[in-house]
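Trainee: For reference, the structure I am asking about is given below.
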Amino acid sequence: MKRKALKNLIAAVVLLVVMAVAALLAGRWLLQQPLQVTAAGSVLVRAGDSPTRVLHNLEQQGTLHGARWLGLFWRWRWQDPRLHQGEYAITPEMTAYELLAHLRSGEVIQYRLTLVEGRTFAQWRESLSQAEKLDNDLAEFSDAEVMEQLGFAGQHPEGRFAPDTYTYTYGIKASELLRQAYQAQAKTLESAWAERATGLPYKEPYQALIMASIIERETGVADEREEIAGVFVRRLQKGMLLQTDPTVIYGMGERYQGRITRADLRRPTPYNTYVISGLPPTPIAMPGRAAIVAALNPAAGKSLYFVAKGDGSHQFSNTLAEHNRAVRQFQLKRRADYRSSPAPRN
């Protein structure tokens, strides 16, 4: 009787060992199984998703096997059910264990959006609407409503946001990105204002921001920004009209179709600096840091005029007579490859 009981015990132990070994081998296979994908892709983790839910979804899609066991392994290995929201890259060479480790790392796919200096808020809104995987929660709002949603009610949006390349992840809202850009621009303006030159014709930082936007639209040549700023500052100090085409274009809005006529230069708008004195009421584009610094640190000199030379740079003149000669040289005899701004960068 005792011998039979011993045999049964030995058999049970052997069975348990065999089952344990089989379980270990099965678990090892499940961890080392290659993902059933034929091309690089991604796994989406939404807010509140658990590892078990994500793995179950992948099993339903046929991407892997043994989701329940892999979920148990996650709990045993890391004792933490939380996942970072976002998209995780996967490749055909990746194993199930590598996927688990990747999910655990929180290294989600990063997207990039470049908001270019010199462009308008309307153009930026178009860029936001086309940005990959960005939640454009501001699409249905007017410009005024956008500023209200961002917490800056009553402010005109033009010029208020810093041009830069912004990185974001799946699920980030356009409003979050714009708040970041607003804060960056405010910080840049505050810093530049604190280090401004003396004797400038600005009563407040916002006027310098307006000037910076004009400088940004007038030239893309880095070495010219301070000199152009000097021309405009001296004009303001002498009570001269700024007479800058980009302000006319901005005031024309959708009427602008690529060229300005003499009638456009005479037509009054709040932005037509051939008609109004001083600065326009708001910026006309998004100025970058260099343009803001130039507006607050203009180059010394006597020039009061400039004209595009056709290669993207400008000819500066101290007197109207000199300017008229430059106009005849560069404007009235334009080459076929004439440019008023630098050639686009690739």
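The values are calculated or read from the model by the stated rules, or taken from the named source; none is laboratory data. Computed from a predicted model, the values in this text were never measured in an experiment. Here the Cβ positions follow ideal geometry from the backbone for every residue, glycine too, while neighbour counts run over all protein chains shown. Heads up: the accessible areas ignore ligands, DNA and RNA and are worked out on the full protein's heavy atoms, side chains in. Shrake-Rupley method; radii C 1.70, N 1.55, O 1.52, S 1.80 Å.
Trainee: With r as the distance between the Cβ atoms of Gln110 and Leu241 and R0 = 51 Å, compute the FRET efficiency 1/(1 + (r/R0)^6) and round to 0.05. The partial results should precede the final answer.
Mentor: Numbers: r = 47 Å, r/R0 = 0.92.
Once rounded, the FRET efficiency stands at 0.60.
Trainee: Give the peptides 196-203, 290-297, 64-71 in descending order of average Cβ contacts within 10 Å, highest first.
Mentor: On the way: 196-203: 12.8, 290-297: 24.0, 64-71: 18.0.
So the peptides 196-203, 290-297, 64-71, ranked by packing, come out 290-297, 64-71, 196-203.
Trainee: Now a separate question. Over region 152-241, consider all pairs of different Cα atoms and compute the Kirkwood hydrodynamic radius from their mean reciprocal separation; express it in Å, one decimal. Before the final figure, lay out the partial values.
Mentor: Numbers: mean 1/r = 0.0667 Å⁻¹.
About 15.0 Å for region 152-241.
Trainee: Working from the pairwise distances between different alpha carbons, so that the mean of 1/r is found and then inverted, what is region 35-166's Kirkwood radius in Å?
Mentor: Details: mean 1/r = 0.0567 Å⁻¹.
This gives a value of 17.6 Å.
Trainee: Let me ask another. Provide the per residue accessible area, probe 1.4 Å, for the chain, rounded to a whole number of square angstrom. It would help to have the intermediate numbers written out before the result.
Mentor: Details: 19920 Å² over 346 residues.
On a per-residue basis, the chain sits at 58 Å².
Trainee: State the extension gain, in nm to one decimal, for the chain segment bounded by Arg119 and Thr169, taking 0.36 nm per residue of separation less the distance between their alpha-carbons.
Mentor: Numbers: separation 50, 0.36 × 50 = 18.00 nm, distance 2.41 nm.
Contour length minus the Cα-Cα distance gives 15.6 nm.
Trainee: Right, here's the next one. Can you order the peptides 227-237, 123-133 by their average number of other Cβ atoms within 10 Å per residue, highest first? Provide the component values of the computation, followed by the final result.
Mentor: Working: 227-237: 21.0, 123-133: 15.3.
With the highest mean Cβ count within 10 Å placed first, the list reads 227-237, 123-133.
Trainee: Roughly to the nearest percent, how much of the accessible area of the chain is carbon and sulfur, given a 1.4 Å probe? Let's see the in-between values first.
Mentor: Values: 10190 of 19920 Å².
Reported share for carbon and sulfur atoms: 51 percent.
Trainee: What is the calculated FRET efficiency for Glu176 to Thr52, with r their C-beta to C-beta distance and R₀ = 22 Å, to the nearest 0.05? Don't skip to the answer; put the middle values down first.
Mentor: On the way: r = 29 Å, r/R0 = 1.33.
My answer for the efficiency is 0.15.
Trainee: If you don't mind, there's one more thing I want to ask. Can you compute the modelled spin-label distance between Thr38 and Ser129, with each label point 7 Å from Cα toward Cβ, in nm?
Mentor: Each label point is offset 7 Å from its Cα along the Cβ direction, giving 3.7 nm.
Trainee: So if I take the centroid of the Cα atoms in region 64-109 and the same for region 234-271, what is the distance between those two points in Å?
Mentor: With region 64-109 and region 234-271 each reduced to a Cα centre, they are spaced 59 Å.
Trainee: Given only helices, namely DSSP H runs of n ≥ 4 each adding -39500 (n - 2.57), what is the per-residue ellipticity at 222 nm of the chain, to the nearest 500 deg cm²/dmol? Please report the intermediate quantities before stating the final value.
Mentor: On the way: 13 runs with 162 residues, N = 346.
Calculated at 222 nm, the ellipticity per residue is -14500 deg cm²/dmol.
Trainee: Take Ala197, project a point 7 Å from its Cα along the Cβ direction, then tell me which residues of region 276-294 have their backbone nitrogen under 13 Å from it.
Mentor: What the label zone holds, given the 13 Å backbone N cut-off, is 293-294.
Trainee: Using 0.36 nm times the number of residues separating Gln60 and Ala139, minus their current alpha carbon distance, what extension gain do you get? Don't skip to the end; give the middle numbers.
Mentor: Numbers: separation 79, 0.36 × 79 = 28.44 nm, distance 3.45 nm.
Difference between extended and current length: 25.0 nm.
Trainee: Taking a ≥ b ≥ c as the square roots of the Cα gyration tensor eigenvalues, with a/c under 1.5 meaning rounded and otherwise prolate when a/b beats b/c, else oblate, which class fits region 260-317?
Mentor: Details: a/c = 1.75, a/b = 1.25, b/c = 1.39.
Taking the square roots of the gyration eigenvalues as a ≥ b ≥ c, region 260-317 is oblate.
Trainee: Let me ask you something else. Given the whole protein assembly as supplied and a 1.4 Å probe, what does the accessible area of Tyr274 come to in Å², nearest 10?
Mentor: 70
Trainee: Among (i) 67; (ii) 61; (iii) 55, find the value of percent of Cα pairs over 24 Å apart that was calculated from the structure presented, and write down its label.
Mentor: Structure-derived value, by its label: (i).
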